[in-house]
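Participant: Structure below; questions to follow.
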Amino acid sequence: MIFMQNFLVILFLFSVGSFFGWILELLFRRFLSKNNPERKWINPGFLVGPCLPLYGFSLIVLYLLSKIDLWFIENPIVKQISLFVVMSICITFLEFIAGLIFIKGMKIKLWDYSDCFGNIKGIICPQFSFYWIVLSALYYFLINPRIISWVFWFTNHLVFSFFTGVYYGILIIDIIYSFQLVSKVKKFAKENQMIIIMEKFKQNIRKINEEQKQKIHFLFSLRSDKENLTELLKKYLERFKK
C-alpha cells in the first residue's frame, strides 16, 4: 500500500511538473528570453506535446528533498533557506547532466545560457540557479503540504486516473516520435561538426515558413509543409555560418 502510494505520488508529480514546467518555459521564452528577440511563441523542449521531463524530474527531486531534516541547523529560518539552497544545487546538477547528455549524445542544446554571467558550457549559470531557489521555496510552502491529500483525492476519482493513463500513453508515443526526429538532427550535426541550438533552429523554421507564407506549426515546430527536415537543417547551417 505504501509502495503504491509513493508510486502514485511520483507519477502525479512528474506529470504535473512536466506540464506546468512547459507552461513556465513557454511564457519565459515568449516574454523574457534573449534568444527570442522577436517575441514569438516557441514550443520549448524537444517533445511535440506540452511536457518538459526535466521539470517533472525536478519536482520529484524537490519532493524527496523536502523530507530532509537539517537537524544540525538550529535557526528555523536559516534551516529553510539552507534547504532551498540544497534543492537548487541538486536541480542545477540535474539540469547540467540533462544538458550535457543532449549536447554530447544528441548534438543538441535545448537551452542556451551562453550570454549569462558565470555560465558553464551554456548549460547552467548562477542566475538560473537563483531562480531554482525561488521555485524551491514556492514548492515548499505552496505545493508540498498538499501533495498527499491531492494524491488521495486523485486516486478516489477514477476518471482522473484514466486521464493519467492516457497522458502517459500519449507521452510514450511523443517520445518515440520526437527521438526519431532528434536522431536525424543528430546525424546532420555530427556530419557538420556542430551543435544545434534547438530554440534558434525552431525560430529559423518559423522564419522560413513565414517567408514562404506557409502554415506556422506550433506543436510540430520542426515541420515545414514544403521542405523536409534535412533541407531545413541545411538552411539553418547557412544562417549559422553568417
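The values are calculated or read from the model by the stated rules, or taken from the named source; none is laboratory data. Here the structure is a predicted model, which is why all the values come from computation and not from measurement. Virtual Cβ from ideal backbone geometry, glycine too; neighbours counted across all protein chains shown. Accessible surface is based on the protein model in full, side chains and every heavy atom, while ligands, DNA and RNA are left aside. Shrake-Rupley method; radii C 1.70, N 1.55, O 1.52, S 1.80 Å.
Participant: Can you give me the % of accessible surface on the stretch 22-75 that is carbon or sulfur? Probe 1.4 Å, all protein chains present, nothing else counted.
Facilitator: Numbers: 1910 of 2830 Å².
Taking all protein chains in place, the stretch 22-75 shows 68 percent carbon and sulfur surface.
Participant: Here is a follow-up. Suppose every K and R has +1 on its Cβ and every D and E has -1 on its Cβ; what is the size of the dipole of the stretch 86-216 about the Cα centre, in Debye to the nearest 20? Present the calculation step by step, with values, prior to reporting the outcome.
Facilitator: Details: 15 positive and 8 negative charges, 95 e Å.
With Lys and Arg at +1 and Asp and Glu at -1, about 460 debye.
Participant: Then there is this: Of all chymotrypsin sites (Phe, Trp or Tyr not before Pro) in the stretch 1-99, which ones are in loop regions per DSSP and have a Cβ with at most 14 other Cβ atoms within 10 Å? Display every interim value, and only then the final one.
Facilitator: Working: sites: F3, F7, F12, F14, F19, F20, W22, F28, F31, W41, F46, Y55, F57, Y63, W71, F72, F84, F93, F96; in loops: W41, F46, W71, F72.
For chymotrypsin sites (Phe, Trp or Tyr not before Pro) across the stretch 1-99 that sit outside H, G, I, E and B with at most 14 neighbouring Cβ atoms in 10 Å, the list reads W41, W71, F72.
Participant: I would also like to ask the following. Across 10 Å bins from 0, what is the distribution of all Cα-Cα pair distances for the chain, in whole percents?
Facilitator: Pair shares across the bins are 7, 27, 32, 22, 10, 2, 0.
Participant: Still on this structure, please answer the following. What figure in square angstrom, to the nearest 10, would you give for the accessible area of T92 with a 1.4 Å probe?
Facilitator: Near enough 20 Å² of accessible area.
Participant: Which GluC sites (Glu not before Pro) from the stretch 23-75 combine a DSSP loop assignment with at most 15 other Cβ atoms within 10 Å?
Facilitator: Details: sites: E25, E38, E74; in loops: E38, E74.
Hits after loop and neighbour filter: E38, E74.
Participant: As a test of the formula, what do you get for the chain when each DSSP H run with n ≥ 4 contributes -39,500 (n - 2.57) and the sum is divided by the residue count, at 222 nm and rounded to the nearest 500 deg cm²/dmol?
Facilitator: Details: 8 runs with 157 residues, N = 242.
Mean residue ellipticity, 222 nm, calculated: -22500 deg cm²/dmol.
Participant: Hey, how many Å between the Cα centroid of the stretch 196-242 and the Cα centroid of the stretch 38-84?
Facilitator: Result: 32 Å between the Cα centres.
Participant: Also: Counting only residues 5 or more places away or on other chains, whose amide H sits under 5 Å from the amide H of I197 once H atoms are built in the peptide plane?
Facilitator: It is K109, by chain and number.
Participant: Can you sort K109, K235 by solvent-accessible area, 1.4 Å probe, largest first?
Facilitator: Numbers: K109 30, K235 70 Å².
Result, largest first: K235, K109.
Participant: Next up: Convert each backbone phi in the stretch 206-212 into a coupling constant with the Karplus relation 6.51 cos²θ - 1.76 cosθ + 1.60 (shift: θ = phi - 60°), then list the ³J(HN,Hα) values in order as whole Hz, x for Gly and Pro.
Facilitator: Taking θ as phi minus 60°, the curve returns 4, 5, 4, 5, 5, 5, 8 Hz for the stretch 206-212.
Participant: Let me ask another. Might you work out the accessible area of V134 for me, using a 1.4 Å probe with all protein chains in place, and round it to the nearest 10 Å²?
Facilitator: Only protein atoms counted, so the area is about 60 Å².
Participant: Still on this structure, please answer the following. For a Förster distance of 25 Å, can you work out the FRET efficiency between the beta-carbons of V85 and V16, rounded to the nearest 0.05? Working shown, then result.
Facilitator: Details: r = 24 Å, r/R0 = 0.95.
Calculated value: 0.60.
Participant: Taking C-beta distances below 4.7 angstrom as the pairing criterion, name the unpartnered cysteines of the chain, in sequence order.
Facilitator: Isolated Cys, the chain: C51, C90.
Participant: Which residue, V159, Y177, L110, has the largest displacement toward the positive end of the dipole of the stretch 63-191 when charges sit on each Cβ (Lys, Arg +1; Asp, Glu -1)?
Facilitator: Going by the charge dipole, the pick is Y177.
Participant: Related question: Modelling each spin label as a point 7 Å along the Cα-to-Cβ direction, I'd like the V134/W71 distance in nm, to one decimal.
Facilitator: Inter-label distance under the simple model: 3.5 nm.
Participant: Moving to a separate point now. How high is the relative contact order of the chain? Use alpha-carbon pairs under 8 Å, at least six apart in sequence, and give a whole percent.
Facilitator: Numbers: 238 pairs, mean separation 51.3, N = 242.
Relative contact order comes out at 21 percent.
Participant: Next question, about the same structure. Please report the carbon-and-sulfur percent of the accessible area for the stretch 84-242; probe 1.4 Å, protein heavy atoms only, DNA, RNA and ligands left out. Could you put the intermediate results ahead of the total?
Facilitator: On the way: 6240 of 9420 Å².
Accessible surface attributable to carbon and sulfur in the stretch 84-242 totals 66 percent.
Participant: Can you give me the long-range amide H partners of I123? Hydrogens built in the peptide plane at 1.01 Å from N, cutoff under 5 Å, separation of 5 or more residues or another chain.
Facilitator: Here the answer is Y113, since their amide H atoms fall under 5 Å of that of I123.
Participant: While we're here: W153 to L229: extension gain in nm, 0.36 nm per residue of separation minus the Cα-Cα distance? Provide the component values of the computation, followed by the final result.
Facilitator: On the way: separation 76, 0.36 × 76 = 27.36 nm, distance 4.45 nm.
Extending this stretch completely gives an extra 22.9 nm.
Participant: Which residue, I216, I124, I73, has the most motion in a Gaussian network model of the chain that connects Cα atoms within less than 10 Å?
Facilitator: It is I73.
Participant: Sticking with this one: Quick one: 3J(HN,Hα) in Hz for the stretch 135-152, Karplus 6.51/-1.76/1.60 with θ = phi - 60°, rounded, Gly and Pro as x.
Facilitator: 5, 5, 5, 4, 4, 4, 8, 9, 10, 3, x, 10, 4, 4, 5, 5, 5, 4
Participant: Here's another thing I want to ask about it. If R₀ is 22 angstrom, what is the calculated FRET efficiency for the pair F218 and L27, using the beta carbon separation as r and rounding to 0.05? Write out the running numbers ahead of the final one.
Facilitator: Values: r = 14 Å, r/R0 = 0.64.
So the FRET efficiency works out to roughly 0.95.
Participant: Then there's this: Work through the residues other than L32 whose Cβ is under 11 Å from its Cβ and net out their charges, Lys, Arg +1 and Asp, Glu -1. Write out the running numbers ahead of the final one.
Facilitator: Values: positive: R29, R30, K34, R39; negative: E25.
Local charge sum for L32: +3.
Participant: Let me ask something additional. Need the full-extension length gain, L237 to I2, defined as separation in residues times 0.36 nm minus the C-alpha distance. One decimal, nm.
Facilitator: 79.4 nm
Participant: Between the helical axis of 53-65 and the dominant principal axis of the chain, each derived from Cα atoms, what acute angle in degrees is found, rounded to the nearest 10?
Facilitator: Rounded to the nearest ten degrees, it is 20.
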